[in-house]
Amino acid sequence: MSLELSLISSTTSSLQQGKTSNHGGSSRNLKARKKPSPRDPKKRGCTGWECSTSLELYDNPWKIKKKLTKSDTGKLNRILFGSDLLENLMVPMLSVEAQREAECGMGTPIRVWDVDTMSMHHLILKRWASFKSYVLIGNWNKEFVRRRELKEGDVVGLHWDSYRRCFNFSVLKRSDHHYS
């Protein structure tokens, strides 16, 4: 076995056993540290250690997520987002002029690529000052709600696609309403 392979094997077995590893003079404690439990561990189904049942092996691109409400899927022909979310993740991707148009309430056109159906759509991003929120309007109802059969409780996601210079859209999770 080569020295490099031996070091990798040694490191891997140390990680699996939760032991301290010392390579190249630097030592790192690879053991999990016990954190104080804010609640009774027995009620949480844990034994005092912080637990997680989710594992992400990559940076999830769907930073803008929305669980659809009745008004998002109804006849109002718009999807409503909180201002904090879009001000940090959507508005900065727009040109200065488009940001101004969205902010002043006039609205700015945006392109939306539906990654599930591989189709391009056009919506208008607009800030609603009275609600301190943003809306996507235009053909939201026709091109997304009806075409994709979206229901209250579905979770949709958006993220910026720098290659296409548009926002990608996907249905991330279907609600139980689809199965009843």
Accessible surface of residue 97 in the full protein assembly, 1.4 angstrom probe, to the nearest 10 Å²?
-> 110 Å²
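For residue 96 and residue 116, FRET efficiency with R0 = 45 Å and r from the beta-carbon atoms, rounded to 0.05?
Details: r = 32 Å, r/R0 = 0.70.
That pair, residue 116 with residue 96, gives E of 0.90.
At a temperature of 10 °C and a viscosity of 1.306 mPa s, determine how fast the stretch 56-180 diffuses translationally according to Stokes-Einstein, using the Kirkwood radius over alpha-carbon pairs as Rh; express D in µm²/s, rounded to the nearest whole number. Before the final figure, lay out the partial values.
Details: Rh = 14.8 Å.
Answer from the Stokes-Einstein relation: 107 µm²/s.
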Rounded accessible area of residue 84 (nearest 10 Å², 1.4 Å probe) | 110 Å²
Contour minus end-to-end for residue 106 and residue 163, with contour as 0.36 nm per residue of separation and end-to-end as the Cα-Cα distance?
-> 17.8 nm
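The values are calculated or read from the model by the stated rules, or taken from the named source; none is laboratory data. Small disclaimer: the values here were computed from a predicted structure and weren't measured. Every residue, glycine among them, receives a Cβ derived from its backbone with ideal geometry; neighbour counts consider all protein chains shown. All accessible areas refer to the heavy atoms of the entire protein, side chains included, with ligands and DNA or RNA removed. Shrake-Rupley method; radii C 1.70, N 1.55, O 1.52, S 1.80 Å.
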